[in-house]
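Colleague: Before anything else, here's the structure in question.
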Ligand code: HEM
């Protein structure tokens, strides 16, 4: 297969369902592969790392949008997107990122552990009740979606009574990451408007009466007196936290459970403690990354010996880098005890995922609890995959727990 045949195959439902043999063929071609005019695909682990850590490679930002989409400003979602950390370059990115990082502290994340455990147990109790007679439980719906959205709400400081309505809104909002046709834009815009209105009100409440939550901390940073985080920057990046943190973590939980269903010894190891939960989570991230790719814009340099022209579209295939045979021994083998770990699933460099510690914690709390309560958890029919390339995960994952 040549590069174009592989890329065509990756775009088909079968290729999206199992891209890994196609990634292996890409590795045979090279670390960095030119295709089409002005486009480069980066599949090697080292090459991806060097692109992501090189500040010369910029992310698409407001200026890109202005060039590519004349009507962007009429869409509320894009008015938010142009302030999202993901779509900012230095110096604006560095300023907003360091302010947000100041509130997103290791202490705050670690402090969420008891709440995450309690939320996981509540969901597990409900699953146990419904599945006690052998009824089929839909894991994505009953656990994998509910845990991350509840945890992010807890982190941000969204009261429990309001959380239920966040799930569908957040789902609609994430459509902006894989906008295939403009028909989905009205729903995405509507979600963006509603979330922004909610956060505006929440911020006003926390400004009046601060609490121990992320919104109050962000307000303290933005109200520091020198106007460093504007109201719009703050509110827009709150919607980013929902968009970036919810489905990704959902897919970590779903992809991890699928590994357990297909490799029962891994599940037994996590249950009896012989496989530390963090090591299991790390290997799930490598083996079946919830985020398969990200992209940058070239600036006129060479990566892995291949010239990348200024303005070239650079796609870094994180999911392929995680299976690079030059980096990982026997990359298609799931081995949580492998000494050569270190997945690219959270990116690298300036845009390294701000929620990585939270996502890892959720996985490390959830899997041992699920497995000790449901030692007999088993697949109940075929799961269905989301038909997406950027985010990789399941729509449904039916199981029995008794
Ligand atoms: C398993 C779960 C997750 C995965 C696989 C993941 C993956 C990623 C990746 C690959 C990037 C970098 C994108 C790039 O370089 O272009 C990123 C950035 C980001 N993530 Fe995550 N993420 C996860 C969970 C979370 C959570 C839980 C949150 C928030 C609570 C979050 C918030 C963010 C934010 C705000 C950024 C942008 C950072 C920046 O541009 O400076 N993520 N994530």
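Conditions tested, residue by residue: (1) within 21 Å of residue 298 (Cα to Cα); (2) in contact with a helix residue (DSSP H, G or I) (Cβ under 6 Å, 6 or more places away or on another chain).
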{"residue": "32", "(1), (2)": "yes, yes"}
{"residue": "36", "(1), (2)": "yes, no"}
{"residue": "51", "(1), (2)": "yes, no"}
{"residue": "67", "(1), (2)": "yes, no"}
{"residue": "75", "(1), (2)": "no, yes"}
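Colleague: When you go through (1) within 16 Å of the ligand (Cβ to nearest atom); (2) closer than 25 Å to residue 293 by Cβ; (3) not in a helix (DSSP H, G or I) one by one for residue 176, which number turns out not to apply?
Modeller: Evaluating residue 176 over (1) within 16 Å of the ligand (Cβ to nearest atom); (2) closer than 25 Å to residue 293 by Cβ; (3) not in a helix (DSSP H, G or I) leaves (3) as the failure.
Colleague: Would you mind finding the one in 183, 194, 122, 154 that is at pLDDT below 90 and in a helix (DSSP H, G or I)? Before the answer, list the steps.
Modeller: Details: 194 fails: at pLDDT below 90; 122 fails: at pLDDT below 90; 154 fails: at pLDDT below 90.
None of the others qualify; the one that does is 183.
Colleague: Something else: Looking at (1) touching a strand residue (DSSP E or B) at 6+ places or on another chain (Cβ under 9 Å); (2) away from the ligand (no atom under 15 Å from the Cβ); (3) not in a helix (DSSP H, G or I), find the lone condition where residue 127 falls short.
Modeller: Unmet for residue 127, out of (1) touching a strand residue (DSSP E or B) at 6+ places or on another chain (Cβ under 9 Å); (2) away from the ligand (no atom under 15 Å from the Cβ); (3) not in a helix (DSSP H, G or I): (3).
Colleague: Criterion first (modelled with pLDDT of 95 or more, buried (at least 21 other Cβ atoms within 10 Å of the Cβ) and more than 9 Å from the ligand (Cβ to nearest atom)) does residue 256 satisfy it? Quick ask: steps written out before the conclusion?
Modeller: Numbers: modelled with pLDDT of 95 or more: yes; buried (at least 21 other Cβ atoms within 10 Å of the Cβ): yes; more than 9 Å from the ligand (Cβ to nearest atom): yes.
So residue 256 fits the description; yes.
Colleague: Sticking with this one: Filter segment 316-351 down to residues that are over 13 Å from residue 48 (Cα atoms) and surrounded by 22 or more Cβ atoms within 10 Å (Cβ to Cβ) and give me whichever is nearest to the ligand (Cβ to nearest atom).
Modeller: Applying the filter and picking the extreme gives 336.
Colleague: Taking the criterion of being within 21 Å of residue 196 (Cα to Cα), within 10 Å of the ligand (Cβ to nearest atom) and not in a helix (DSSP H, G or I), would at least one residue in segment 89-103 satisfy it?
Modeller: The answer is no, given that none of the residues of segment 89-103 is within 21 Å of residue 196 (Cα to Cα), within 10 Å of the ligand (Cβ to nearest atom) and not in a helix (DSSP H, G or I).
Colleague: OK, next. Please state which one of 60, 135 is assigned to a loop (DSSP other than H, G, I, E, B), at pLDDT 95 or above and within 16 Å of the ligand (Cβ to nearest atom). Don't jump to the end; show me each part of the working.
Modeller: Numbers: 135 fails: within 16 Å of the ligand (Cβ to nearest atom).
Being assigned to a loop (DSSP other than H, G, I, E, B), at pLDDT 95 or above and within 16 Å of the ligand (Cβ to nearest atom) holds for just one of 60, 135, which is 60.
The values are calculated or read from the model by the stated rules, or taken from the named source; none is laboratory data. Since we're looking at a predicted model, the values are computed, not measured. Heads up, the Cβs are rebuilt from the backbone with ideal geometry, glycines too, and the neighbour counts pull from every protein chain shown.
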